[in-house]
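Since the structure comes first, as structure tokens, the remarks are kept for the end.
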Amino acid sequence: MDQVLLRCIIVAIFILALASSLTLASDPSPLQDFCVAVNDPKGSVFVNGKFCKDAKLAKANDFYFSGLHIRKNTSNTFGSTVTPVNVAQMPGLHTLGISMVRIDYAPNGGLNAPHTHPRASEILVVLEGTLHVGFVTSNPDNHLISKVLYPGDVFVFPVGLIHFQYNIGNTYAVAFAGLSSENPGVITIANAVFGSSHSIDADILAKAFNLDRKMVKNLQSEF
């Protein structure tokens, strides 16, 4: 078996095992073996926001995803790409309270920009490269907790807190992360504040961030 693929499989199993211990913090425990999510309400039971396929009709592909061994293109604004495996990609995850992602980072500054997961804690393991990671505690302390990670290192981001990963090395970096929800959600701070579908009034943001109104308008135009 290809060594890269083997490492990915080992890391994936490790991540999901760690994430499973966090599930009590988010999604409720199921009362059945599983609930494969389907869009068709006919003859289905509605559980935790989605309809369940008849268990007798479940197939292996409902619990399967392929491709996390493939390096993704990071030629974008932030120099990173997240490949999720949540209930949208694997319907068998519904009600199980876990999901995972692969994150690829470009050399010399690839960034998974500051963001939060409103419904999940996250545990991350570095497979390749060197990452500066951290999170900020809630008000009033707003204390930054950060560390440089190397291959094999693990770091946890508590549910709802703003966190980031930044590639400080000159090679590509890869990390896998497990999350304690089938659908953890993500709010990228800059996108939400400056790129909302209906722009927040520039005067509000100027006062909130102690910026010139013109600067705020320029930032909004970038998103």
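The values are calculated or read from the model by the stated rules, or taken from the named source; none is laboratory data. Given the structure is predicted, the values throughout are model-derived calculations rather than measurements. FYI the Cβ positions are ideal-geometry reconstructions off the backbone, even for glycines, and counts take in every protein chain you see. The accessibility values were calculated without ligands, DNA or RNA, using every heavy atom of the protein model including side chains. Shrake-Rupley method; radii C 1.70, N 1.55, O 1.52, S 1.80 Å.
Quick notes on this one:
- Label sites at S66 and A190, each approximated as a point 7 angstrom past Cα along Cα to Cβ, lie 3.7 nm apart.
- Solvent-accessible area per residue for the chain (1.4 angstrom probe, square angstrom): 55 Å²
- Summarised as an ellipsoid, the range 35-162 has semi-axes of 33, 19, 12 Å, derived from the eigenvalues of the Cα gyration tensor scaled by 5 and square-rooted, with the largest first.
- Eligible lysines near K50 by straight Cα distance, threshold 29 Å, same-chain separation 8 or greater: K42, K59
- Sorted peptide list for 113-119, 88-94, criterion being average Cβ within 10 angstrom, highest first: 88-94, 113-119
- Bridgeable lysines around K207 (alpha carbons under 30 Å apart, same-chain partners fewer than 8 residues away excluded): K217.
- The accessible-area ordering, largest first, of the residues L219, L68, L149 stands as L219, L68, L149, per a 1.4 angstrom probe.
- Within the accessible area of the chain, the carbon and sulfur atoms contribute 58%, probe 1.4 Å, all protein chains present.
- Tail fraction, Cα-Cα pairs, the range 127-211, threshold 19 Å, whole percent: 55 percent
- Rg over Rh, two decimals, the chain (C-alpha only, Kirkwood Rh): 1.01
- Sites K42 and S197 - FRET efficiency at Förster radius 41 Å, r taken between beta-carbons, to 0.05: 0.75
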